[in-house]
Amino acid sequence: MGKKMTGLGTIIEGKNAVLSVLDSGRATKVSYIQQENKSENFDAILNLAKKNKVEIAVVNSKEQWPYHPRHSIVALCKPKKTYKEKDLEKFKHKNFIVCDHIQDTNNIGAIARSAAAFNFEVIAIPLKRSVKITERTFSIASGGLEKVEIIFYNSIFSLIKKFNSIDVWTIGLDMNGEIEIDNIDLKSQKYALFVGSEENGLSKEIQKKLDLISRINMNNDVESLNVSVSAAVAMHQLFIKK
């Protein structure tokens, strides 16, 4: 197996995620189970690995597979670069998705995948009281985390102040928001979309600090959506407004 690297995103699982990490240049080795990988997508992975001069290791059976059994192809990688709250100004010309204390790695992964699809180039995640980004998160994101930058922040209130200082609009998402998200007039404005935790959403204290609070237009018979679904719908609405 070789020496295991430490850091974020050093083991990437699944065909789409492996293809994306090869494309990003982080991958150093690709391992796969020979009998379970026969597809056009797999051929693209092997071709890109060879082009990038990435080591390729073939495992003959599941019994010999040293990684999690849920996937039959894995990339070992250099750690993904991440940023801190103080680096926010570097990305002032980007759009952000800000996650406030989300607890489910599936939700973080799904949000990252949607962010990549809808040109939200930066995802901000709190350092404390939030689910950690793991191998599973990268797998759920299906390559999305290779296409966005990650900022870890200490305080959401200081983060909001920094957004204000670099002229980035702060838009909260809440079922009782004062404006439907598809009615927001963005013009050429850069923005940060804030989504809250699965159980409590965005607190009233946070909402008071944001530029506006939006809601998703939907059937009144449905009370709410899962946070990753809500984030995807909102990001798509803002994407098509551009």
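Bear in mind these aren't lab numbers, they're just calculated from the coordinates by the rules spelled out. Predicted model only: the values in this text are computed from it and were never measured. Methodologically, a virtual Cβ is constructed for each residue, glycine included, from the backbone with ideal geometry; neighbour enumeration extends over all protein chains shown.
Which value, in debye to the nearest 20, gives the size of the charge dipole of segment 38-185 about its Cα centre, when Lys and Arg are +1 and Asp and Glu are -1 at the Cβ?
For this selection, approximately 900 debye.
Restricting to the chain, compute how many DSSP beta bridges are antiparallel as a %, nearest 5.
25 percent
Computed over the Cα atoms of the chain, what is the convex hull's projected area averaged over all directions, in nm²?
For the chain, the mean projected area of the Cα convex hull comes to 14.5 nm².
Could you work out the helix-only [θ] at 222 nm for the chain, with each DSSP H run of four or more residues adding -39,500 (n - 2.57) and the total divided by the number of residues, to the nearest 500 deg cm²/dmol?
Numbers: 7 runs with 73 residues, N = 242.
Mean residue ellipticity, 222 nm, calculated: -9000 deg cm²/dmol.
With a sphere of radius 13 Å drawn around the Cβ of His236, what net charge do the other residues whose Cβ falls strictly inside it have (Lys, Arg +1; Asp, Glu -1)?
Around His236, the surrounding residues sum to +2.
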